[in-house]
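The values are calculated or read from the model by the stated rules, or taken from the named source; none is laboratory data. Bear in mind that the values here come from a model prediction, so they are computed numbers and not experimental data. Note: ideal-geometry Cβ built from the backbone for every residue, glycine included; neighbour counts use all protein chains shown.
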Amino acid sequence: MRRLPVYFLIDVSESMIGEPVGLVQDGMASIIKELRTDPYALETVYVSIIVFAGKPQKITSLTELYNFYPPKLPVGGGTSLGKALDFLMNDVSNSVKKTTLEEKGDWKPIIFLFTDGNPTDNFDKSFERWNQKYRRGSNLIVVSIGQDADTNIFGKITDNVLMLNNPDAESFKKFFKWVTASIKTSSVSVSEVNDDELHLAPVGNEDYLTRIDLAKHRPTVKVDENYAVILAKCQTTKQPYLIKYRKRISSGQYGDFAMDVLDYKLAGAYPVDNTYFELSDDTVSNSKINTNSLLGFPACPCCGNQYGFSYCSCGKVLCTGGEKITKCPWCGVEAHFGFCEGNADITRTRG
């Protein structure tokens, strides 16, 4: 008999503790219960659960439905997706029967990867191994639980990336019904027409689950965390300049506790010309840094105005001096600039 292997690769990192891990556990139980009522699934589907946090662990080997009992899911520290994928690939190689000249092997395995965050390990080599040796022979579906994960990462290993928009009890219930329907559809396909290509249940216009269009999905803008660089303009010359801060980690005290304190110390302010914009990446940075993290504020390197770090209501930085009314070189608004208490989130460049 040719088996339809179904793997669940489940993130059990610390961020999943509490309601999420409990809802996933209940969802797994509902999947098994429902699949046991389907004659096609009962005949073909074998289920395995692999969990991962800082390390991966196989909770159950490939087991037929009538002998499968959903286990209690543990919780660990870290989200080592690279290690988890390597572990999965090794298990697929050892557990899924290959087709030989003498007999047909198992059907193409279906793998559901559930995660609520971004990897904390180096996953590049694991992704390369997957794409070269396993991707074509497997059906991988990655589901981001909530909106905190960078779905572009998962687009490197599969075309099937979905997002559970609201990780509440009702959404989880609907989602696991969708997973069950997808497995049923696939079991019918292999049984009736010998087709083990992926046949997911339709998502439709449901608001609980979104299929990510990887062709249109905007990549996450990364910044150089070793520096915080702010783009500013001189109100006198209208020329741009860069205010550069260097990351600094120092020892601090919070009550009775010693801890490392991260901030950025002023390295200098430097004039640039308009070739800066010609050479800059077109991707707009949406990364912010709070002014509380910045130590030191320069004079303008273009005209010498005393305050080279003044913040306009348009969200841009400019220089100001002793004038009563300042005209922002970015947006053209005229206003009186003065001192104020508090802090602000400033857009930083990519560095």
Considering residues that are within 16 Å of T185 (Cα to Cα) and among the aliphatic types (A, V, I, L, M), the number found within the range 23-64 is 7
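Results for (1) outside the structural domain of Q239 (by TED's automatic domain parsing); (2) among the small types (G, A, S); (3) assigned to a strand (DSSP E or B); (4) modelled with pLDDT of 85 or more, shown as yes or no for each residue.
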{"site": "A258", "(1), (2), (3), (4)": "no, yes, yes, no"}
{"site": "L266", "(1), (2), (3), (4)": "no, no, yes, yes"}
{"site": "Y276", "(1), (2), (3), (4)": "no, no, no, yes"}
{"site": "S285", "(1), (2), (3), (4)": "no, yes, no, no"}
{"site": "F297", "(1), (2), (3), (4)": "no, no, no, yes"}
Assuming L295 fulfils every condition listed in (1) touching an Asp or Glu at 6+ places or on another chain (Cβ under 6 Å); (2) in contact (Cβ under 8 Å) with a residue 60 or more places away in the chain apart from one, which condition is it? (2)
Given the structure, is G76 in contact with a Lys or Arg (Cβ under 8 Å, 6 or more places away or on another chain), modelled with pLDDT under 95 and either surrounded by fewer than 23 Cβ atoms within 10 Å (Cβ to Cβ) or acidic (D, E) (or both)? yes
Pairing a residue in the range 18-31 that is closer than 16 Å to N166 by Cα with any residue that is part of a helix (DSSP H, G or I), where Cβ atoms lie under 6 Å and the two sit 6 or more apart in sequence or on different chains, gives L23/F172; G27/F172; G27/F176
Scan the range 174-217 for residues that are in a helix (DSSP H, G or I) and either modelled with pLDDT under 90 or more than 21 Å from L65 (Cβ to Cβ) (or both) and jot them down. K174, V190, S191, E192, V193
Scanning the range 1-40 for residues that are part of a loop (DSSP other than H, G, I, E, B) and either hydroxyl-bearing (S, T, Y) or under 11 Å from F114 (Cβ atoms) (or both), the one modelled with the highest pLDDT turns out to be T37
Pick out the one residue from I346, I289, I325 that is surrounded by fewer than 13 Cβ atoms within 10 Å (Cβ to Cβ), β-branched (V, I, T) and modelled with pLDDT of 80 or more. I325
Among the residues that make up the range 139-152, is at least one of them part of a helix (DSSP H, G or I) and either modelled with pLDDT under 90 or closer than 25 Å to A41 by Cβ (or both)? yes
Look through D150, D168, D159 and report the one residue that is more than 13 Å from the chain's Cα centre (by Cα), of a type in the set (D, E, K, R) and over 22 Å from G22 (Cα atoms). D159
Note on T180: of the conditions (1) closer than 21 Å to A84 by Cβ; (2) touching a residue at least 12 places away in the same chain (Cβ under 8 Å), unmet is (1)
Scanning for something over 22 Å from T44 (Cβ atoms), in a strand (DSSP E or B), touching a residue at least 40 places away in the same chain (Cβ under 8 Å) and not hydrophobic (A, V, I, L, M, F, W, C), does the range 119-127 turn up at least one residue? no
Where residues in the range 94-128 are more than 15 Å from S48 (Cα to Cα), at pLDDT 90 or above and of a type in the set (G, A, S), which of them is surrounded by the most Cβ atoms within 10 Å (Cβ to Cβ)? S126
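A quick yes/no check of all residues on (1) touching a helix residue (DSSP H, G or I) at 6+ places or on another chain (Cβ under 7 Å); (2) in a loop (DSSP other than H, G, I, E, B):
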site	(1), (2)
S61	yes, no
N94	no, no
T99	no, yes
W107	yes, yes
F112	yes, no
Any hit, the range 14-29, residues being assigned by TED's automatic domain parsing to the domain that holds D116, under 30 Å from D148 (Cα atoms) and in contact with a Ser or Thr (Cβ under 7 Å, 6 or more places away or on another chain): no
All but one of (1) within 30 Å of N194 (Cβ to Cβ); (2) crowded, with 19+ Cβ neighbours inside 10 Å; (3) of a type in the set (S, T, N, Q) hold for S30; state the number of the condition that does not hold. (2)
Restricting to the range 59-73, name every residue that is exposed (fewer than 14 other Cβ atoms within 10 Å of the Cβ) and of a type in the set (D, E, K, R). K72
